[in-house]
Amino acid sequence: MRIVVLDDYQGVAAGYADWARLGAEVEFVHRPLEDDADLARVAAGADVVVAMRERTAFTAARVAALPDLRLLVTTGMANASIDLDAARERGIVVCGTESPATSTPELAWGLILAVLRHIPAEDARMRAGGWQSTVGGDLAGRRLGIVGLGRLGTAVARVGLAFGMDVVAWSQRLDSARAAEAGVRAVAKEELFSTADVVTVHYKLSDRSRGIVGAGELASMRPTSILVNTSRGPLVDTDALVAALHSGRIAGAGIDVYDAEPLPSDHPLRSAPRTVLTPHLGYVTDGTYRVFYPQAVEAIAAWAAGEPLRRLA
């Protein structure tokens, strides 16, 4: 059995699980894949492919180009970049892993604080021999607006409440009772964007939610407010965000996710003012990898024994 573990960017996957127990040939790929042909070359002859979240898409065309593939394991129990119907049609089993709900909310707060208190800029100034140059914002008594109150948004809300913030939330199906369970208040979308000092996005990407934060929403935000997105890049209209940052329409942004990943070196976000950018680190923690990779090995062993675990297709 040949197993290919994709997108092991940090070169650590081998140490997070007992791959030897599978008695198979295991190859770890440490670089992002370039295109369809690159994936076909790398995964040629593989019976099993392990995908790290949505780093590499498995479209119908890509699945068709891997005739030997019999099992695709994705970290997490949902992966919008995998065409599950195409996998089913070709008899490919797709399985997932569990996914901790703590790491992304923690990063969201790291970005909020980094943007609000200008931490990267002040760090750079200190290293250049300087001293104080900015005036930071506050959290206590300010309003936190959460777009999407699922398990991640709820975790972010708890921290906001601990900071003494006024926490409000909106989603297309959120009602007052559900919001109250999380200790927050449901408001209309327009109110959230026009009144929140910090807007943070925790929404599932779909055709309906794509661009849910657009030029109109950004235009309604206060000039002193900031936007943070640790969910999915296409939820926010990138062109509108870049324009809002350059015009001073909003005070800043913390971004962990992008329309195209890895983010191209010449992308306008890389030079946008008052931003803190991270390379999709929301799930990249020791604790998360200690779930992802051992459960991927577990899923392969179970499939080989004829009893697939956490089956998605």
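Other residues with beta-carbon under 11 Å from the beta-carbon of Tyr16 carry, at +1 per Lys or Arg and -1 per Asp or Glu, a net charge of -2. Spin-label pair Leu113-Ala78: with each label point 7 Å from Cα along the Cα-Cβ axis, the two points sit 2.8 nm from one another.
Each of Ala60 and Arg90 was given a label point 7 Å from its Cα along the Cα-to-Cβ line. The distance between the two points is 1.3 nm.
How much mean residue ellipticity at 222 nm does the chain get from its helices, if each DSSP H run of length 4 or more adds -39500 (n - 2.57) and you divide by all residues, to the nearest 500 deg cm²/dmol? Walk me through the numbers before you get to the answer.
Working: 11 runs with 101 residues, N = 313.
Computed mean residue ellipticity for the chain: -9000 deg cm²/dmol.
State the three equivalent ellipsoid semi-axes of the chain, derived from the C-alpha gyration tensor as the square roots of 5 times its eigenvalues, in descending order and whole Å. Each step should come with its number before you reach the end.
On the way: eigenvalues 283, 93, 68 Å².
Taking √(5λ) for each Cα gyration eigenvalue gives 38, 22, 18 Å.
Measure off 7 Å from each Cα along the Cα-to-Cβ vector at Ser265 and Glu191, then give the distance between these two points in nanometres to one decimal. Here the modelled spin labels are 4.9 nm apart. Of all complete DSSP H helices in the chain, those with a Cα span along the helix axis of 18 Å or greater and a mean Kyte-Doolittle hydropathy of 1.0 or more are 103-116.
Quick note: the coordinates plus some simple rules give every number you see, no bench work behind them. Computed from a prediction, not measured in an experiment: that's the story for all the values here. Neighbour counts run over all protein chains shown; Cβ positions are idealised from the backbone, glycine included.
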